[in-house]
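J.: Structure incoming, see below.
The values are calculated or read from the model by the stated rules, or taken from the named source; none is laboratory data. In this text, all values refer to a predicted model and were calculated from it rather than measured experimentally. These area figures cover heavy atoms from the full protein model, side chains too; ligands, DNA and RNA do not enter into them. Shrake-Rupley method; radii C 1.70, N 1.55, O 1.52, S 1.80 Å.
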Amino acid sequence: VVDGKVIPNQHGLAESYLPNYPDALASVGRSNQARLLACFKELVRAMGEKAAASGAPEMPYRCEDYQNMPVSGSAHQPDLVFVCRGERHFTIGAVHMPLEAKVLRNTGDIDDEDLGQILYYVQAIWQTQVTRMFVPVLFLHGSLLSLFVFTRNESIRVNIGDVFVAADEPSLDAHKPIGTTLLNIYFLLSLSPGEF
């Protein structure tokens, strides 16, 4: 996101200005983390709208903000959660994929406190969704988005890529990888819960 615009990419998933993004605009007085999450949530919304306008299937998930309140019926407070569109009750049992965010630009390392927070959400999801074979978790640290997939006895981490670039980035070449990252995010969010 640069000066209120999503950087264009060659696939058209985010190639328009975003004039109606109240969450991102309202974030101007918020903490850096709240602004980061508002921009990410808007990015997901814009991708979904653009894909729907092109005839692609609707993403089966809805992004919900829980940074300032716990998920209903629990003490868990992930930054954002992705729930299936058909879910009416927002409990930890309805969460398909949580997202944890940290503002500091990171080299890709995750500290023990952040990993512990992520594992706390994964454990809560498994306690309420006992048939789940794995739990995906997105971790947004600075502009880098990573995907963790936790099974009952191991975990896998994949860096999806940078989602944002600095507004003062002089080279357009720095913006090109964002198109690939957006496609990867859209791919993950378009898979049904049975597939992902």
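J.: Applying the Karplus parametrisation 6.51 cos²θ - 1.76 cosθ + 1.60 with θ = phi - 60° to the phi angles of the range 142-151, what ³J(HN,Hα) value in whole Hz is obtained for each residue in order, glycine and proline being reported as x?
T.: x, 9, 8, 10, 10, 10, 9, 10, 9, 9
J.: Heavy-atom accessible area of TYR120 with all protein chains present, probe 1.4 Å, nearest 10 Å²?
T.: Surface open to solvent at TYR120 totals about 100 Å².
J.: Give me the accessible area of THR180, 1.4 Å probe, in Å² rounded to the nearest 10.
T.: Surface accessible to solvent at THR180 totals approximately 70 Å².
J.: Moving on to the next point. Ignoring ligands, DNA and RNA, what accessible area per residue does the range 74-166 give at 1.4 Å, in Å²?
T.: Ligands and nucleic acids excluded, the figure is 49 Å² per residue.
J.: What residues qualify as long-range amide H neighbours of HIS141, i.e. H under 5 Å apart, gap of 5 or more or another chain, H built at 1.01 Å from N?
T.: Distant-sequence amide H within range of HIS141: LYS102, SER146.
J.: What is the percent carbon and sulfur in the accessible area of the range 35-128, measuring with a 1.4 Å probe over the protein chains and ignoring ligands?
T.: Carbon with sulfur: 50 percent of the solvent-accessible area.
J.: How do MET69, MET133 stack up against each other in accessible area, from largest to smallest, with a 1.4 angstrom probe?
T.: Greatest to least solvent exposure: MET133, MET69.
J.: Would you list ASP114, ASP173 from the most to the least accessible area, probe 1.4 Å?
T.: The residues order as ASP173, ASP114, largest area first.
J.: Here's another thing I want to ask about it. With θ set to phi - 60° and the Karplus curve 6.51 cos²θ - 1.76 cosθ + 1.60, what are the ³J(HN,Hα) couplings of the range 47-64 in order, to the nearest whole Hz, using x for Gly and Pro?
T.: With the stated coefficients, the range 47-64 comes to 4, x, 5, 5, 5, 5, 5, 8, x, 6, x, 5, 5, x, 10, 10, 8, 10 Hz.
J.: ³J(HN,Hα) across the range 190-196 via Karplus (A = 6.51, B = -1.76, C = 1.60, θ = phi - 60°), whole Hz, x for Gly/Pro?
T.: So the Karplus estimates, Gly and Pro as x, are 9, 6, 6, x, x, 8, 9 Hz.
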